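For reference, the structure is listed below as structure tokens.
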Amino acid sequence: MLHIGSISHQYRVPDDQNRLDDKDEIDLGVIVQFVRKSRRLIAVWVALGFLVGCMYLAVAPSYYSASTVLLLEDQTLQQLPGAVIGADTADSTYVESQIQVIQSDEVVRRVVDERRLLDDPEFGRSAKGLRATVMEYLPFASAVFSPAAEASLHTQKQITAHRIKRALMIVRAGQSNAVEITFTSQKAERSADIANAIAQGYVDSRLQLKQQVREQAAAQLRQRLEEIRDKAFNTDPTGADQTVRSTLPSESARERFREQQNTAETYRTLYANLLQRYTEAIQPLSLAGARVITPAEPPGGRSSPNSSLILSLAIIGGLAIGGAHAILRTLGSSSLQSVDELGKVVGIDFIAAIPKIRNRAWKFIDPGSGTLQGAYMMQATVFDEALSSAAVYLQGSEPRAHGRVLGVASVNAGNGASLVAIHLARTYARSGYKTLLIDANWRGGCHRGDHLLGTFDQDLDKSRVVYDLGGGTLDVLVLRAHSPITDVSASRSIIATLLQVRSEYSQIVVDFDALSVTADAAAASLHLDDMVIVVEAGSTRVDAIRAVFRSLARGKTPWAILNKAKAN
């Protein structure tokens, strides 16, 4: 519970240059302390991030991805005889071009028509867009969004095809001629069905295209066959020979006859070849140039959202926001937070750090007098334990002809100075010292000298109370102003009372009012052997502490007790 600080005998406030030099170094201890101090805030943000992630997973729709692998034909094997065949069997340009064909409107619209996706609730005309979603959850938005006109059938098909394309992903498998077709849907069966339909649609389109090309080639061959047939079979070599023989010498006629026979034979041979090609052209096609080697199957689990990824991002986001919040809170707060700041930032020594004590840990004790303030009737074991070693430091070891005087004050009202004063006084009294506690909070429930007219008192009223400790007594001298009095007169009365009674007691503890309220402690510091400033963690500003310590008399050793300190 107790933290003992380094003991020095000279008040110091670090200059700005030293503080700047300290900031240039990275202190891991400060970082660890910052994390430990902010761990609750960060934990809250992490919990909120985790909760947001869980809520997102609960409301976000699940998506399933199914993939099929399509092997494209090797175009190098389709070259005409005599052409130079490329050595690289995987033509990158060809594969990329076929990927564009697979996701083209021709293939996608074929799937839309075959699978009747125009009526599909996820991709068809009944699927809700942004306008419909906003108007469903915000009925008053109809005044902003005008009703959409009924789209034509062609437009609806375009919209459906566009939604199919957004859910479609096609990638090449390495450097091969295989492509992977992946489709994502809110239903596992639909994702596999449409992925297979896209692949089959491409195969069918390729088959249909090849069939059209063959039909065009067959038509050209038929026309060519008709032309060659007339030349090959409709010629009359005998009649032509007789005509030639009637007009030419016999040797010339025979030469012309052989020439006609050779020409007819050539046309017959050409006709036979073209007839064979035509017969092949009109045969039904069995290969489309692509085939499915791995059909898509319904996935066993959803592909998105990824629960592990979402929760990890939510936790990381919570850590980031929590850390940023803690840093902003620290930068925006100029109040003292820990005992380390007393030495490093403020430049004072501390002798005790009192943890924050819960209300149920406090006990009410009856001192035998009802004229004391409420703080003097409170006691907590933790508080006594935290101040026991501090009382040893403050008791002094040098013999004195008069009592040792210890002043206790806080920077701001309500920081716990009266609790520290009564606990120190009770500790000294129980230890055998003849102890006096002076309650110098003369403003409590009394008049101040803030009147411009009238008569002012020159002295505070004094009342002595015997505090019953059960095994001893503690004298309490209560100073109060029951009529108007100036601050100067009140301070002078406190000092006079202190000088008057110090020879009667071994230990005197003076409970001053807050230094932000009055300068009584600063004015009496010359007559004090030691001065203790009570600082409340999280509520006392650093600049206020520095201003208070500068106001004390030079040469005095100020000590600090940090109240409601957070455990390191």
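The values are calculated or read from the model by the stated rules, or taken from the named source; none is laboratory data. Keep in mind that what you see is a predicted model, and the values were worked out from it rather than measured. Neighbour counts are summed over all protein chains in view; Cβ atoms, including those assigned to glycine, are modelled from backbone coordinates with ideal geometry. We work out accessible area using only protein heavy atoms, side chains counted, and drop any ligands, DNA or RNA first. Shrake-Rupley method; radii C 1.70, N 1.55, O 1.52, S 1.80 Å.
Within segment 495-515, the set of residues being under 20 Å from LEU372 (Cβ atoms) and either open to solvent by less than 10 Å² (accessible area, probe 1.4 Å) or within 57 Å of the chain's Cα centre (by Cα) (or both) comprises THR497, LEU498, VAL501, GLN507, ILE508, VAL509, VAL510, ASP511, PHE512, ASP513, ALA514.
Looking only at residues in segment 375-410 that are open to solvent by less than 60 Å² (accessible area, probe 1.4 Å), outside any strand (DSSP E or B) and of a type outside the set (A, V, I, L, M), the one that is modelled with the highest pLDDT is TYR376.
Scanning segment 295-316 for residues that are surrounded by 15 or more Cβ atoms within 10 Å (Cβ to Cβ) and not in a loop (DSSP other than H, G, I, E, B) yields ILE310, LEU311, ALA314, ILE315.
Residues that are surrounded by 13 or more Cβ atoms within 10 Å (Cβ to Cβ), at pLDDT below 65 and over 30 Å from GLY49 (Cα atoms) occur in segment 274-281; there is at least one. Taking the criterion of being outside any helix (DSSP H, G or I), out of contact with any Phe, Trp or Tyr (no Cβ under 9 Å at 6 or more places or on another chain) and not aliphatic (A, V, I, L, M), the residues of segment 522-552 that qualify are ASP529, GLU536, GLY538, SER539, THR540, ARG541. Among the criteria (1) part of a helix (DSSP H, G or I); (2) open to solvent by 60 Å² or more (accessible area, probe 1.4 Å); (3) modelled with pLDDT of 85 or more; (4) not acidic (Asp, Glu), the one PRO121 does not fulfil is (1).
Being in a helix (DSSP H, G or I), modelled with pLDDT of 75 or more and surrounded by 11 or more Cβ atoms within 10 Å (Cβ to Cβ) is the requirement here; does THR243 meet it? Criteria not met by THR243.
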